[in-house]
Amino acid sequence: MSTSTPHKVTLIPGDGIGPEVTQAVVRILEATGVKFEWERFAAGAEAFEIYGEYIPADLYDSIERNKVALKGPVTTPVGGGFKSINVTLRKKFDLFANFRPIKNLPGLETKWPGVDLIIVRENTEGEYVGLEHEVVPGVVESIKVITDKGSTRIAKFAFDYARKHGRKKIHSIHKANIMKLSDGLFLRCARRVAEGYPEILYGEHIIDNTCMQLVMNPFQYDTLLLENLYGDIVSDLCAGLVGGLGLVPGANLGHECAIFEAVHGSAPDIAGQDIANPTALLQSAVLMLHHLNEEAAANKVQKALEAVYAERKTLTRDVGGKAGTSQFADAVLTAMG
Ligand code: NAI
């Protein structure tokens, strides 16, 4: 329900295509009638130039205060340089659940129509945290930490979500045939949690097979429960099932704070050209509106977005159209009435 008090939201436009898609999304959010007070911050290389810090202290304070952030992608240097801003924020605010719904939009032809998957990715443990060091030149060690606590709470998140939203099936995706201890623990925790939800079918698939199964027949799955790195990779695969990275939203959720961001990265190959698809961030913003209990606005934006897709006239080029980022946003605004 909309209130007269504005929602204070920390806004991180990010870099690459981040500022373009963020601008489009903010315009749409502001047209919903919901009031926002944005606290805008740079992060990553851009922040370092301004503040001498990759994540300014004020940004931490802002998220701590507001409890909600909307974030564009931030570039992470490959093979060196500073630590991922995303990983750092997720750790700092203990945003243990990465929630990524994967669903077809109307009007888009894909290999499989009617895909409706939920990815629940553990967001604070595993290889993805980047605990690495050089033992001696030529030998590095990368440490994968999996804990009972971390695995149990993400499994519980997945089962609670499934119960609340009438999802029928959860598969844990693993490599416990090889990672017997770490992935073995992840599975044991998931099995233990599953016992408390007898109405939800529980299964387990090995990750490599899962990738093949998803491409061949995604309908055999409903909700996928994955460790951090596996969730990262399988999310992009699933994005490909429904039309690409320009579409798929995400939420990083903790007990206190939430950061909403698309699955995609900063897409340097198309940055600054007004051609990026803002749909993924817009659908992340819809998740944020639900989180803020702004149901009417969430439904309004989603309906307008789907109308623009169904009409097929003003789509961006990643999904076969010719429209630019801002033109697409204009079409959504028009559809909102
Ligand atoms: P990417 O997701 O940025 O791009 C992969 C491909 O998808 C590119 O061809 C790109 O043009 C396309 N694409 C992505 N988003 C799109 C959109 N909204 N509209 C149209 N096309 C889109 O992945 P990449 O290139 O591997 O990573 C680039 C940078 O982004 C890296 O520094 C990476 O670390 C960072 N990254 C940041 C994330 C975040 O801040 N949450 C998440 C993933 C990557």
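The values are calculated or read from the model by the stated rules, or taken from the named source; none is laboratory data. Only a predicted model underlies this, so the values are computations on that prediction, with no experimental measurement involved. We place every Cβ from the backbone using ideal geometry, glycine too, and count neighbours over all the protein chains shown. Note: accessible area is taken over every heavy atom of the protein model, side chains too, but ligands, DNA and RNA are not part of it. Shrake-Rupley method; radii C 1.70, N 1.55, O 1.52, S 1.80 Å.
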V135 accessible area, nearest 10 Å², 1.4 Å probe? 80
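At 1.4 Å probe size, with the rest of the protein present, what percent of the exposed accessible area of the range 248-324 is carbon and sulfur atoms? Before the final figure, lay out the partial values.
Numbers: 1540 of 3100 Å².
Carbon and sulfur atoms account for 50 percent of the accessible area of the range 248-324.
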Could you work out [θ]222 nm for the chain from helices alone, using -39500 (n - 2.57) per DSSP H run of at least four and dividing by all its residues? Round to the nearest 500 deg cm²/dmol. -12500 deg cm²/dmol
Suppose accessible area is computed on protein heavy atoms with a 1.4 Å probe; arrange H171, H205 from highest to lowest. H205, H171
Would you please give the FRET efficiency between Q327 and N293, computed as 1/(1 + (r/R0)^6) with r the Cβ-Cβ distance and R0 = 45 Å, to the nearest 0.05? 0.90
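Would you mind getting the accessible area per residue of the chain, heavy atoms of the protein chains only, 1.4 Å probe, in Å²?
Solvent-accessible surface per residue comes out at 44 Å².
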Show me, bin by bin at 10 Å from 0, the whole-percent P(r) of the chain based on Cα pairs. 5, 25, 34, 26, 9, 1, 0
Could you give the nm distance between label points at F36 and M216, where each point is 7 Å from its Cα heading toward the beta carbon? 4.3
Multiply the residue gap between K180 and D58 by 0.36 nm, knock off their C-alpha separation, and tell me the result in nm, one decimal place. 39.7 nm
For F328, what is the net charge nearby, where nearby means another residue's Cβ is under 15 Å from its Cβ and Lys, Arg count +1, Asp, Glu -1? -1
Please calculate the 1.4 Å probe accessible area of D15, with all protein chains present, and give it to the nearest 10 Å². 30
Considering only the chain, what is the antiparallel percent among its DSSP beta bridges, to the nearest 5? 40
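Quick one: length gained pulling V145 to E49 fully straight, 0.36 nm per residue minus the C-alpha distance?
On the way: separation 96, 0.36 × 96 = 34.56 nm, distance 3.32 nm.
Contour length minus the Cα-Cα distance gives 31.2 nm.
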Taking placed amide H atoms and a strict 5 Å upper bound, the residues 5 or more places from D116 or on another chain that come that close are none
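Going from most exposed to least, what order do V332, V136 have by accessible area with a 1.4 Å probe? Could the numbers behind the result be given before it?
Values: V332 0, V136 75 Å².
Reading off the accessible areas and sorting them downward yields V136, V332.
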If you take every DSSP beta bridge whose two residues both sit in the range 111-241, what share of them, in percent to the nearest 5, is antiparallel? 25
Interchain or long-range residues, amide H under 5 Å from H7's placed H: K35, F36, E37
Provide the solvent-accessible area of V145, counting protein heavy atoms only and rolling a 1.4 Å probe, rounded to the nearest 10 Å². 60
In the range 111-241 the accessible area split gives carbon plus sulfur, as whole percent at 1.4 Å, a share of 61
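What's the local net charge at K180, with K and R +1, D and E -1, over the other residues with C-beta under 13 Å away?
Numbers: positive: K144, K175, R188; negative: D183.
Charge balance in the 13 Å sphere: +2.
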Euclidean distance of C-alpha centroids, the range 171-203 and the range 241-263, integer Å: 23
Quick tally, 1.4 Å probe accessible area for E204, E37, sorted with the most first, runs E37, E204
From the backbone phi of the range 61-70, what are the Karplus-calculated ³J(HN,Hα) couplings (6.51 cos²θ - 1.76 cosθ + 1.60, θ = phi - 60°) in whole Hz, Gly and Pro given as x? 4, 4, 5, 4, 6, 7, 6, 9, 9, 10
